[in-house]
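J.: Encoded as structure tokens, here's the structure I'll be asking about.
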Amino acid sequence: MDLITTHANADFDALASMVAARKLYPGARLVLPGSQERAVREFMSLSEDLAKIEYERDVSLESVSRLIIVETRLAGRIGRMAQLVGKKGLEVHIYDHHPRTAEDIKAEKDVYKKTGATTTILAELIKKQEIKITPLEATIMALGIYEDTGSLTFPTTTMLDIDMVSYLVSEGADLNLVASYLKRELSDKELKLLAQLIQSTEIHIINSIHVAIAAATSEEYVEDLSLLAHKLEEAENYNVSFVMVQTKDKVQFIARSNLPFVDVAKIAGVFGGGGHHSAAGAVIKDMNLSEVRERLIDYLHSHIRPDIKAKDLISAKLPEAGPDEPVRRVRDKIAASGTEYAVIRERGSIAGIAAIKDLEKAISRGFGHSRIKGYMSGKIFPVKADTSVYAIQDIIYEKGVGCVPVFEGAKLLGAVTRSDLLRAFHARLFEEPRGKTSGRLYTLNLTSKIKRSFPKKMAELLKFIGRTADDMGFSAFAVGGFVRDLLLGVENLDIDIVIEGNAIEFAKRLAKELCGCYVHHKRFGTATVFFGGKFKIDVAMTRTEIYERPAALPTVKFGPIENDLFRRDFTINAMAFKLSRHGFGELLDPFKGRRDLKEGRIRALHDLSFVDDPTRIFRAVRFEQRFDFRIEPHTEDLIKKAVGLKMVDRTQKQRIREEMIAILSEEKPLKAVRRLAELNELRFVAPALKLTRPAAGLFDSVDEVLAWYDAVRLKRRHVLNRWLIYLGALLDGLDTAEVQKICDEFVFMKADCAKLMSYKRSADKALLFLSRKEKLRPSQIYDCLEGLSVEVLLLMMAKSGFQTARRRIMDYLTKYADIKLSVRGDDLTKKGIRPGPHFRQALKKTLHAKLDLKIKTKAEELDFAMRHFKS
Ligand code: CTP
């Protein structure tokens, strides 16, 4: 018996190919594996003639002597019929328009033709053999061709497809019927899914190619996902697109490409699927959506790329030196060679690499005569001449080295440095209009994310900033925390802009355009634009920072955006996106910050980061705790080293103060303080400072007290310095003199120092008084707490173990503190009282009487005060 089958989830091309094959193998049984696409099922239920199609579950395979497979040649796609493959004496014939692959079923006859639809191949054979077909058969076959060629519009369409449609029409194919099945409306569910796909679409720029990736989840298997993929592609006109939908236990995957060098059949093959160069798909069982996405992106990175090798990147031969040569001489050799590194050789082999940056530092500290041995890095990661640029990029960024030596066999050809890498991407991969090179490793376009995340006005403002810069011949980028938070989906309206060009001129122009004003700091090339009464934008020139001495403030020079990103603290803060008209929204992420954001990692950009700027040891903890990330092990080692070297002591104390304030301003900062203690960083605030158990308990109580304060919504809201309350908690174990020393050393604002000191001086005594069991009059409570700031009062509440004392402070804050006298000094002078010290005394007594509810009205107040004078 002959049995004709096709792939599971049959579409019209599969169904039509089976019907056509039966014309070539008369008497064969048609058997469908698995389920079918919705439209196919509907069509079958309406067409009685097709009742001759059977389902795999109803058919015994025993007597099959010839298996005819159409529209696929993969065993994994033909359901139960796969059991027949390899059966002794069984003949297999295949008709398929998918290119052959190594995984194909071995067949006695395998007919392949590069056509838009498999039906076309079979229709041509029918035509050649002059086999008669019915109008219904012609209609089904036309449906097959129309569907797989997008009504003859897909780039995969061939002349033969068109010829065969013409032949089928001449055989009576009903094009109205064809059209009614092809142009089916999307169901509600499909529309929702399409919206999900459009919303989720990310444009990745992988090795300079724009790739759209859309992902969604669906409760059930999506029968006609290729239609949705087609709609998405049609709507946005992507060159390369991937659509993936997670259902309960599978990921459906559809891939499309219009580019000759992006073969999506190969890409689908990675996931066990297949298809054509330009259209392919897979059903993936053992991975979830994010695993598929990750695998896909990794694969694309390593497979679609221009071919640049290590040997093409070497810009100059590195100078060489012996391990005992003095630092200064090696520095001079490097400077003379025009590079940034030297190779240190010891008895023929490479012992280390010295960077001019490190040598300059050593010289400035008086170590110019020391042997280079102590100042080189032993971390060497040699590569071969034909190592790809991407592999080198991974080494340089992941191992945190500035350069890698390149070998051809045993011969050292030179080295590829970080700058060579940037230059490579600069010159080769990208071209920008106006003859300007951009060379940036843009990896993703954030336009749709920007649209989704910000109010319309904000997105327009960003575009306006870009256009204004364009018009001045500059390039503008959004940068730093603003970009990080956009990617994280955390609200942040503090726009940080960097300008490749004159930032101050730009700020001036922007302020004018926005009818605002600006202030600038010439030395740093930064400015702030204020507009609309309450908005501000920080603008800076893209800069290269040179740290003359470790821990000193850097000298600033103009440089390209890549250098600006390289001077930053952590990978997650070293991303920018373009604001210019051309390429708006393109993310520049040379240090894989986005990956670290996804994986929750705080990673320094290079080994000297904490030496250059020790305040970063506090920032690392702040970001780690804020986002619930983890400082990655190498960065943690670098922090520990910087702590050990007491680098922080060389930094201006005010900068540490600002970092401490920032940490203590975070929500529930105890976690971060714990981590500071763990990394031994609290010693930089005060050598004796420890996070004791009572202090940690006090932090928790402050959280509670602040929650209460937020909930009571006092009428006269005080702008609270929350950080100050937590700082008071942290310093609670220190004595008054130690706290005074911290206030002086870190130059806290006078008002803040006064609050800390008043807590130190008054809190214990006041709490003792307020904890008394006996009844206290409101005036007594008022007298005890008057003059203390809200921060100090809240800290006292947190500190007190006694509910009575807490209650009394709450009463003070919510009732007594706001009580004022209606009677004024003038009222007393009008009564003939001469002003003097007794005046204040009288008013105070009157206030006490009012607090204690002995008097109420203004007349009573005046009467009370006058009686006080008389007595
Ligand atoms: N930066 C740095 N090193 C520092 C301080 C800042 O590299 N010591 C860079 C980072 O790129 C950072 C940007 O400057 O993203 C802006 O700094 P800042 O406003 O302090 O931090 P944000 O990242 O915006 O974080 P936050 O959300 O706390 O404001």
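J.: If a residue counts only when it is touching a strand residue (DSSP E or B) at 6+ places or on another chain (Cβ under 8 Å), in contact (Cβ under 8 Å) with a residue 40 or more places away in the chain and under 30 Å from I205 (Cα atoms), which helices (runs of 4 or more DSSP H) contained entirely in segment 280-375 have at least 3 such residues? Before you say what the answer is, go through the steps one by one.
T.: On the way: elements: 289-303, 310-313, 327-337, 356-364.
By residue number, 289-303, 310-313.
J.: Exactly one condition in (1) within 15 Å of the ligand (Cβ to nearest atom); (2) in a helix (DSSP H, G or I); (3) over 18 Å from L565 (Cβ atoms) is not met by P614; state its number.
T.: (2)
J.: Next question. Testing R675 on (1) outside any loop (DSSP other than H, G, I, E, B); (2) out of contact with any Phe, Trp or Tyr (no Cβ under 9 Å at 6 or more places or on another chain); (3) within 13 Å of the ligand (Cβ to nearest atom), one condition comes back false. Which one is that?
T.: (3)
J.: Then there's this: Do we have any residue at all in segment 383-398 that's more than 30 Å from K266 (Cα to Cα) and either touching a residue at least 40 places away in the same chain (Cβ under 8 Å) or in a loop (DSSP other than H, G, I, E, B) (or both)?
T.: Our first condition is that a residue be more than 30 Å from K266 (Cα to Cα); within segment 383-398, this holds for none.
No - not one qualifying residue is present in segment 383-398.
J.: Let me ask another. Return the residue satisfying two criteria in turn: it lies in segment 147-181 and is part of a helix (DSSP H, G or I) and in contact (Cβ under 8 Å) with a residue 60 or more places away in the chain, and of such residues it is surrounded by the fewest Cβ atoms within 10 Å (Cβ to Cβ).
T.: Narrowing segment 147-181 to residues part of a helix (DSSP H, G or I): 147-148, 159-170, 175-181.
Those still in the list that are in contact (Cβ under 8 Å) with a residue 60 or more places away in the chain too: 147-148, 181.
Numbers: E147: 26, D148: 30, Y181: 18.
By that ranking, first place goes to Y181.
J.: Moving to a separate point now. Scan segment 642-667 residue by residue and report those that are surrounded by fewer than 14 Cβ atoms within 10 Å (Cβ to Cβ) and within 15 Å of N680 (Cβ to Cβ).
T.: Selection gives G644, K646, D649.
J.: Scan segment 679-702 residue by residue and report those that are among the charged types (D, E, K, R) and either surrounded by 15 or more Cβ atoms within 10 Å (Cβ to Cβ) or at pLDDT below 95 (or both). Break it down stepwise before answering.
T.: Pass one, segment 679-702, residues among the charged types (D, E, K, R): 681, 683, 690, 693, 700.
Of everything in segment 679-702, those that are among the charged types (D, E, K, R) and either surrounded by 15 or more Cβ atoms within 10 Å (Cβ to Cβ) or at pLDDT below 95 (or both) turn out to be E681, R683, K690, R693.
J.: Only one of A82, A20, A75, A102 is closer than 22 Å to E147 by Cα and not charged (D, E, K, R). Can you tell me which? I'd like the intermediate steps shown before the answer.
T.: Details: A82 fails: closer than 22 Å to E147 by Cα; A75 fails: closer than 22 Å to E147 by Cα; A102 fails: closer than 22 Å to E147 by Cα.
Result of the check over A82, A20, A75, A102: A20.
J.: Taking segment 10-41 as the search range and keeping residues that are over 23 Å from I131 (Cβ atoms) and buried (at least 23 other Cβ atoms within 10 Å of the Cβ), which one is farthest from the chain's Cα centre (by Cα)? First the steps, then the outcome.
T.: Applying the first criterion (over 23 Å from I131 (Cβ atoms)) to segment 10-41 yields 11, 33-41.
Now drop any that are not buried (at least 23 other Cβ atoms within 10 Å of the Cβ), which leaves 11, 36, 40.
Numbers: D11: 38, Q36: 39, V40: 42 Å.
Only one residue tops the list, namely V40.
J.: Scan segment 315-329 and tell me whether some residue there is at pLDDT 90 or above and of a type in the set (V, I, T).
T.: Within segment 315-329 (the criterion being at pLDDT 90 or above and of a type in the set (V, I, T)), the answer is yes, since at least one residue qualifies.
J.: Under the condition of being surrounded by fewer than 14 Cβ atoms within 10 Å (Cβ to Cβ) and of a type outside the set (G, A, S), which residue from segment 295-328 is farthest from I395 (Cα to Cα)?
T.: Filtering segment 295-328 for residues that are surrounded by fewer than 14 Cβ atoms within 10 Å (Cβ to Cβ) and of a type outside the set (G, A, S), the one farthest from I395 (Cα to Cα) comes out as D324.
J.: Among the residues of segment 470-485, write down those that are touching a Ser or Thr at 6+ places or on another chain (Cβ under 6 Å) and either part of a helix (DSSP H, G or I) or within 16 Å of the ligand (Cβ to nearest atom) (or both).
T.: So the first thing to find is which residues in segment 470-485 are touching a Ser or Thr at 6+ places or on another chain (Cβ under 6 Å), and the list is 470, 475.
Listed by number, the list holds a single entry, D470.
J.: Scan segment 643-651 and give yes if some residue there is in contact with a Ser or Thr (Cβ under 8 Å, 6 or more places away or on another chain) and touching a residue at least 24 places away in the same chain (Cβ under 8 Å), otherwise no. Steps first, answer last, please.
T.: To start, the set of residues in segment 643-651 that are in contact with a Ser or Thr (Cβ under 8 Å, 6 or more places away or on another chain) comprises 648, 651.
Keeping just the survivors that are touching a residue at least 24 places away in the same chain (Cβ under 8 Å) gives 648, 651.
So far as segment 643-651 goes, yes, one or more of its residues are in contact with a Ser or Thr (Cβ under 8 Å, 6 or more places away or on another chain) and touching a residue at least 24 places away in the same chain (Cβ under 8 Å).
J.: Right, something else. Just give me the residues in segment 568-586 being in a loop (DSSP other than H, G, I, E, B), in contact with a strand residue (DSSP E or B) (Cβ under 8 Å, 6 or more places away or on another chain) and either away from the ligand (no atom under 16 Å from the Cβ) or basic (K, R) (or both), in sequence order.
T.: Taking segment 568-586 and keeping what is in a loop (DSSP other than H, G, I, E, B), we get 568-569, 574-575, 579-585.
Going one step further and asking which of them are in contact with a strand residue (DSSP E or B) (Cβ under 8 Å, 6 or more places away or on another chain), we end up with 569, 575, 579-580, 583-585.
L579, S580, G583, F584, G585, listed by residue number.
J.: Answer with yes or no whether V40 is among the β-branched types (V, I, T) and not in a helix (DSSP H, G or I). Steps first, answer last, please.
T.: Working: among the β-branched types (V, I, T): yes; not in a helix (DSSP H, G or I): no.
For V40, the condition - among the β-branched types (V, I, T) and not in a helix (DSSP H, G or I) - is not met.
The values are calculated or read from the model by the stated rules, or taken from the named source; none is laboratory data. The model shown is predicted, which means the values in this text are computed figures rather than measured ones. Cβ sites come from the backbone with ideal geometry, for glycine too, and all protein chains shown count toward neighbours.
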